[in-house]
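Trainee: Next up is a structure, given as structure tokens.
The values are calculated or read from the model by the stated rules, or taken from the named source; none is laboratory data. Keep in mind that what you see is a predicted model, and the values were worked out from it rather than measured. Here the Cβ positions follow ideal geometry from the backbone for every residue, glycine too, while neighbour counts run over all protein chains shown.
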Amino acid sequence: MTWFSWRSTSNSASLDRSERISTASRPKRHLTPIAQPTAIADAWPAALTTFLGKQVRLASSQVTARHPNHEEAAALALPSDAAVLVREDIYEDRRGSPVDFTRTVWPGDTTRLVVGG
């Protein structure tokens, strides 16, 4: 499955794109440990907790459908009039301060969304 994702955390303004999107154009010294182009073994909340040194929780999550922007269309090899599914998550710490925003974009015609158990 091909997907496109970016993240921003309160400790880092760097982007974390899926390993399918090259980060080779950015010097490695500017990447935080959590933004390295390698797979993260833990689930995202656990990785955030480890990286930030504090507990986090999912504050909001939403899924929408829309057309891709130019960068997403190019990364996913989609025409500009294709549909994509977009999930946006916000994680917060115990005080309720946002610590992470994640947007993940999938091609709409090849993605199945399963809700619930």
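Trainee: Out of all the residues in segment 76-117, which are outside any strand (DSSP E or B) and closer than 25 Å to Pro45 by Cα?
Mentor: Once the filter is applied, which keeps residues that are outside any strand (DSSP E or B) and closer than 25 Å to Pro45 by Cα, segment 76-117 yields Arg94, Arg95, Gly96, Ser97, Thr111, Arg112, Leu113, Val114, Val115, Gly116, Gly117.
Trainee: Separate question: Which of the residues that make up segment 47-75 are under 15 Å from the mean Cα position of the chain (by Cα) and assigned to a helix (DSSP H, G or I)?
Mentor: The answer is Ala47, Leu48, Glu71, Glu72, Ala75.
Trainee: Scan segment 68-91 residue by residue and report those that are in contact with a Leu (Cβ under 8 Å, 6 or more places away or on another chain), of a type outside the set (Val, Ile, Thr) and under 13 Å from Leu58 (Cβ atoms).
Mentor: Once the filter is applied, which keeps residues that are in contact with a Leu (Cβ under 8 Å, 6 or more places away or on another chain), of a type outside the set (Val, Ile, Thr) and under 13 Å from Leu58 (Cβ atoms), segment 68-91 yields Asp89, Tyr91.
Trainee: Can we say His30 is of a type outside the set (A, V, I, L, M) and at pLDDT 95 or above?
Mentor: Details: of a type outside the set (A, V, I, L, M): yes; at pLDDT 95 or above: no.
Here the answer is no, as His30 does not meet what is asked.
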